[in-house]
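Have a look at the structure below, then the notes.
Every read-out reported here was derived from the displayed coordinates using simple, explicitly stated rules and does not represent laboratory data. Please read these numbers as outputs of a predicted model, since none were measured by experiment. Don't worry about glycine lacking a Cβ; one is built from the backbone with ideal geometry, like all the others, and counts go over all protein chains shown.
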Amino acid sequence: MSQLTAGRETSDQAQLAKLCVTIRGKLQFMDYLVRAAVADVERFQEEPEAGTRIFIRQLIEMHASNLAVECENMRLVGELCSQLEAAVSDGSAPHHDQNGDGA
């Protein structure tokens, strides 16, 4: 394997790892937003004071807005799928014969 090929594979792996970390972070943030919105809806329904209900409604609207933005940004999942597909279809992995030795 040439240094150029090895360097490209290392770069591809680093880019894939970075993309995975980014996606995990976005999913964790979306999970937080969903949990917060559901909890705030429950608080809203139980809150008798009008002023507090207005405040909680604004929180819920903020969570919903942030979720909508995060959903739009999930194009990263498509990029991850493309990179995963490219990683397994480029033929750079060594082939093994019946004995398990490299061909």
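Stokes-Einstein at 4 °C, 1.567 mPa s, Kirkwood radius from Cα pairs: D for the stretch 10-78 in µm² s⁻¹?
Taking Rh from Cα pairs, D becomes 94 µm²/s.
Multiplying the sequence separation of MET30 and ASN66 by 0.36 nm and subtracting their Cα-Cα distance, what value in nm do you get?
Additional length available on full extension: 12.1 nm.
DSSP loop (so not H, G, I, E, B), at most 12 other Cβ within 10 Å: list which GluC sites (Glu not before Pro) in the stretch 27-69 pass both filters. It would help to have the intermediate numbers written out before the result.
Numbers: sites: GLU42, GLU46, GLU49, GLU61; in loops: GLU49.
Within the stretch 27-69, the qualifying GluC sites (Glu not before Pro) (loop, at most 12 other Cβ atoms within 10 Å) are GLU49.
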